[in-house]
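Values in this text are rule-based calculations from the coordinates and carry no lab data. Values in this document were obtained by computation on a predicted structure and should not be read as measured data. FYI the Cβ positions are ideal-geometry reconstructions off the backbone, even for glycines, and counts take in every protein chain you see.
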Amino acid sequence: MKTLGIYIHIPFCAKKCAYCDFYSLPGKTQHMPRYAHAVIEHIKESSRQLSGYYIDTVYFGGGTPSYFGADRLIDIFEALKQNGQVLIDSEVTLEANPDSTSKADLIKLRKAGFNRISFGVQDTDDESLKKLGRLHTFAAAREAVENARDAGFKNISIDLMYGLPSQTKESWAATLAKALTLKPDHISCYGLKLAPGTEMYIYNNSPFIPDDDTQADMYLYAVEYLERFGYRQYEISNFSKKGYESAHNLKYWTGQEYLGFGAAAYSYIGGMRFGNIADIDGYTTNIVSGEKVIEQIEKINAFEKASEYLMLGLRTTRGICESEYRAIYPADFSLIQEKLKICEKHGWAVNVNDRWNFTPQGFLLSNILIGQILDVQSEQGYVTARPWKSEEDLEKIKHEVLHQRDLGEETIFHGV
């Protein structure tokens with residue numbers, strides 16, 4: 001039987017962080033009971049769909065799921081176990097903030113089967129945490145991690161951010177060193193994104209934000225430093241000790257199936273991608289009344305799936321290979337490989353055992369490089385759709401595509 005990941009979106013939080021542009025609801029505790037009921041009803045309604053799968057990962061994301069309360073989280077998880085086939089060794093992750101995590105709740109959650117927790121630490125400097133709109137101190141983060149260990153969690157992840165206002169390479173190095181004293185099993189390092197509409201957008205184009213070169217140095221330092229202490233990079237922003245990679249997130253990056261419950265949750269199952277209503281009132285009302293909660297839906301064809309394979313696979317250190325690509329989309333891989341060879345020439349990609357993956361320097365440019373490779377993939381779809389009478393004709397078409405639109409070796413990465 002096939003396996004399935006489950007994502008459950010908990011959009012509530014104590015306070016919206018200054019950089020956050022996700023769908024989240026600060027406060028709004030009065031809506032929590034009705035929302036929990038709606039998610040449970042949604043799971044029950046999906047029991048027939050769930051019956052065809054073994055569930056091997058469950059991820060409670062947000063928002064701040066820990067703010068939702070342990071009892072509600074456990075009720076939802078129990079409903080999932082009653083209506084789906086959750087494997088006894090499945091990875092069950094909870095996103096949490098140090099300010100909304102008590103030892104008593106952690107003990108309850110661990111006993112209920114939650115076995116992985118991801119803390120939003122973000123920084124080790126208390127003044128910086130205030131600028132970010134975080135409600136905790138680093139001392140509180142340390143206490144939360146210790147409480148999780150005491151509660152029996154053996155798989156603990158922390159999030160960190162770089163590129164923060166007034167942050168220097170030296171202070172980022174100090175942050176990493178201090179963060180490792182928490183002895184996490186997994187670390188995610190994200191560059192600050194200044195999104196319009198957020199409080200921190202006032203720093204857009206500000207001299208207080210480290211420039212691109214400095215942020216690149218911060219990123220490369222993190223890769224090297226974390227590797228030195230046993231945290232292997234397995235995705236652009238993610239590092240783990242051996243065996244502690246996020247199994248749920250790997251489903252996203254390797255094109256596996258997952259089903260989402262809750263407002264604004266997305267799913268990919270049966271070759272279809274769909275998203276739920278991004279509004280808790282609409283979501284809960286429609287669940288109670290038996291109306292549809294799916295707001296967006298699209299069928300993913302083989303060409304689109306192959307494009308996603310390239311885009312997501314090249315975010316990971318596992319990378320991509322011709323046989324996997326052709327199993328999804330039976331087309332010539334040589335045009336894509338030509339571009340990857342150019343990346344290799346610049347030190348941005350490597351080929352090991354016929355698998356291509358980006359180097360840390362390549363990950364820094366991944367948005368540009370993947371965009372260029374997807375352009376070639378689009379042209380490849382065009383080539384595949386065109387008729388030809390001989391192998392010679394095919395070679396002519398390949399040559400035409402390879403060099404059209406200024407995609408030759410000297411111009412493909414112009415401006416990088």
Cysteines having no other Cys beta carbon under 4.7 Å from their own, within the chain:
Cys13, Cys189, Cys321, Cys343
Going by how many other Cβ atoms sit within 10 Å of their own, how do Asp89, Asp75, Asp105, Asp150 line up, fewest first?
Asp89, Asp150, Asp75, Asp105
Using label points projected 7 Å from each Cα along Cα→Cβ, tell me how many nm separate Ala327 and Lys242, to one decimal.
2.5 nm
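When the Cα atoms of the chain are enclosed in a convex hull and the volume is divided per residue, what value in Å³ results? Intermediate results must be reported in sequence, preceding the final value.
Values: hull volume 65.4 nm³, N = 416.
Dividing the Cα hull volume of the chain by its residues yields 157 Å³.
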Once fully extended, how much extra length lies between Ala139 and Lys178, figured as 0.36 nm per residue of separation less the alpha-carbon to alpha-carbon distance?
12.9 nm
Taking 7 Å along the Cα-to-C-beta vector as the label spot, tell me the Lys341-Lys103 distance in nanometres, rounded to one decimal.
6.2 nm
Projected label distance in nm at Asn367 and Ser334, using a 7 Å step from Cα toward the beta-carbon:
3.4 nm
Counting other beta carbons within 10 Å of each residue's own, what order do Lys292, Lys169, Lys16 fall into, fewest first?
Lys292, Lys169, Lys16
Quick one: net charge around Ala18, please, counting Lys, Arg +1 and Asp, Glu -1 for every other residue with C-beta under 9 Å from its C-beta.
+2
Can you tell me the dipole magnitude for the chain around its Cα centre, using point charges on the Cβ only (Lys, Arg +1; Asp, Glu -1), in Debye to the nearest 20?
1240 debye
By counting other Cβ atoms within 10 Å of each Cβ, how are His9, His31 ranked from fewest to most?
His31, His9
Could you pull out the pairs from Lys130/Lys154; Lys15/Lys130; Lys183/Lys241 whose alpha carbons sit more than 18 Å apart here?
Lys130/Lys154
Region 9-55-region 138-182 distance, computed between alpha-carbon centres (Å):
27 Å
The FRET efficiency for Glu170 and Lys299, from their Cβ-Cβ distance with R0 = 41 Å and rounded to 0.05, is 0.20
Compute the helix-to-body angle for 366-385: its Cα long axis versus the longest principal axis of the chain, expressed 0 to 90° and rounded to tens.
50 degrees
Rounded to the nearest 10 degrees, what's the angle between the helix 391-403 long axis and the longest principal axis of the chain, both from Cα atoms, 0 to 90?
60 degrees
Near Asp279, within a Cβ-to-Cβ distance under 15 Å, what is the net charge of the other residues, with Lys and Arg +1 and Asp and Glu -1?
0
Between Thr175, Thr198, Thr101, which gets the highest mean-square fluctuation from a Gaussian network model of the chain, Cα cutoff 10 Å?
Thr198
Taking the Cα atoms only, what angle lies between the long axis of helix 212-228 and the longest principal axis of the chain, rounded to 10 degrees?
70 degrees
Rounded to the nearest 0.05, what FRET efficiency do Lys28 and Arg273 give with R0 = 30 Å and r taken as the Cβ-Cβ distance? Could you check?
0.60
Any chance you could run the full-extension gain for Gln49 through Met1? It's 0.36 nm times the residue separation minus the Cα-Cα distance, nm to one decimal.
16.0 nm
